[in-house]
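Participant: Here it is: the structure, laid out below.
Every number here is computed from the coordinates shown, using simple stated rules; none is lab data. Note that the coordinates shown come from a computational prediction; the quantities given were computed from them, not determined experimentally. Glycine gets a Cβ as well: all are built from the backbone with ideal geometry, and neighbour counts include every protein chain shown.
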Amino acid sequence: MSVTSPSAAVVPFKPGEILKDHYTLIKQIGAGSYGAIFEAVYQKDIVSKHVAIKFEKIVFDRPMLLNEIIILKALAGNRHYARFYQYGTHDKYKFVAMDLLGPSLIDLVNRKRPYRFCLHSLLKFGVQAIEALHALHQAGFVHRDIKPSNFVIGNSVETSS
């Protein structure tokens, strides 16, 4: 799902809503033509973790979210892909819970004016994008929408610098 402005897709969920007893929606962080993405907190017993929840309206001729789940499961353990946690339905929507990642490359460009990155950063982005696409191809998949908004950085101390 390509991430755009949070108003691109309308979903009937609100911050504070609880999903499957363990996920509390925090805020909508993105949207695409098929649904919306929320930041949420997973809470069970003493475990608490920020995650991303992608919602897609249940439409039988568009299994976009199911395709993404198949890919995430096939690439489990690869450092370039989000970890898959759970799939389910909520109201008239399918959802997937996965690692919460950082901003997209286009978000970084828009944040860093006048749109300049040092050579080291550009090379690092490029090499990691090629590694991610190579892993995807090795698993038998082809990405048909390669663009900066579809590449996100991790959400860790290592990727924040």
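Participant: Can you tell me the orientation of helix 64-74 relative to the chain, as the angle in degrees between its alpha-carbon axis and the longest Cα principal axis, to the nearest 10?
Facilitator: 60
Participant: For the cross-link pairs 57/147; 27/112; 14/94, which exceed 18 Å when the distance is taken from alpha carbon to alpha carbon?
Facilitator: Beyond 18 Å between Cα atoms: 57/147; 27/112.
Participant: Let me ask something additional. Dipole of the stretch 105-154, Cα-centred, from +1 at each Lys and Arg C-beta and -1 at each Asp and Glu C-beta, to the nearest 20 debye?
Facilitator: 300
Participant: Rounded, prolate or oblate: pick one for the stretch 18-99, where a ≥ b ≥ c are the square roots of the eigenvalues of its C-alpha gyration tensor, a/c under 1.5 means rounded, and failing that, prolate if a/b is larger than b/c, else oblate.
Facilitator: Oblate.
Participant: Which whole-angstrom value gives the distance between the alpha carbon centres of the stretch 6-48 and the stretch 70-128?
Facilitator: Cα centres, the stretch 6-48 to the stretch 70-128: 16 Å.
Participant: So which trypsin sites (Lys or Arg not before Pro) in the stretch 36-82 pass both tests, a DSSP loop state and at most 13 other Cβ atoms within 10 Å of the Cβ?
Facilitator: Loop-located and lightly packed - 79.
Participant: Output wanted: per-residue J couplings in Hz (rounded whole) for the stretch 50-56, from phi through Karplus 6.51 cos²θ - 1.76 cosθ + 1.60, θ = phi - 60°, x for Gly and Pro.
Facilitator: Along the stretch 50-56, the couplings run 7, 9, 9, 10, 9, 10, 9 Hz.
Participant: Could you check what % of the DSSP bridge pairs in the chain are antiparallel, to the nearest 5?
Facilitator: Antiparallel bridges: around 100 percent, rounded to the nearest 5.
Participant: Let me ask something else. Can you pull out the trypsin sites (Lys or Arg not before Pro) in the stretch 82-154 that DSSP calls coil and that have at most 16 other Cβ atoms within 10 Å?
Facilitator: 83, 92, 112, 116, 144
Participant: Divide by every residue of the chain the summed helix terms, -39500 (n - 2.57) for each DSSP H run of at least 4, and state the resulting mean residue ellipticity at 222 nm, rounded to the nearest 500 deg cm²/dmol.
Facilitator: When only DSSP H runs of four or more count, the value is -8000 deg cm²/dmol.
Participant: May I pose another question? Relative contact order for the chain using alpha-carbon pairs under 8 Å, separation at least 6, rounded to a whole percent?
Facilitator: 17
Participant: Moving to a separate point now. Treat the count of other C-beta atoms within 10 Å as a stand-in for reagent exposure and order 21, 107 from fewest to most.
Facilitator: 21, 107
Participant: Based only on Cα atoms, what Rg/Rh ratio does the chain have, Rh being taken as Kirkwood's radius?
Facilitator: Radius of gyration relative to Kirkwood radius: 0.96.
Participant: Still on this structure, I have one more. Could you give each residue of the stretch 117-125 its phi-based ³J(HN,Hα) in whole Hz, using Karplus coefficients 6.51, -1.76, 1.60 with θ = phi - 60°, and x for Gly or Pro?
Facilitator: Once θ is set to phi - 60°, the couplings for the stretch 117-125 become 10, 6, 4, 4, 5, 4, 5, 5, 4 Hz.
Participant: Which listed residue (130, 142, 154) has the Cα farthest towards the positive end of the charge dipole for the stretch 105-154, taking +1 on Lys and Arg C-beta and -1 on Asp and Glu C-beta about the Cα centre?
Facilitator: 154
Participant: Tell me which of 106, 38, 13 sits at the most positive position along the dipole axis of the chain, charges placed on C-beta atoms (Lys, Arg +1; Asp, Glu -1).
Facilitator: Among 106, 38, 13, the one farthest towards the positive end of the dipole of the chain is 106.
Participant: Which value, in debye to the nearest 20, gives the size of the charge dipole of the chain about its Cα centre, when Lys and Arg are +1 and Asp and Glu are -1 at the Cβ?
Facilitator: About 320 debye.
Participant: Further question on the same structure: Please report, in debye to the nearest 20, how large the charge dipole of the stretch 69-161 is about its Cα centre when each Lys and Arg carries +1 at its beta carbon and each Asp and Glu carries -1 there.
Facilitator: It comes to approximately 220 debye.
Participant: Still on this structure, I have one more. Please compute the length gained on full extension between residue 24 and residue 83, using 0.36 nm multiplied by the number of residues separating them and subtracting their Cα-Cα distance.
Facilitator: Extra length available between residue 24 and residue 83 comes to 19.4 nm.
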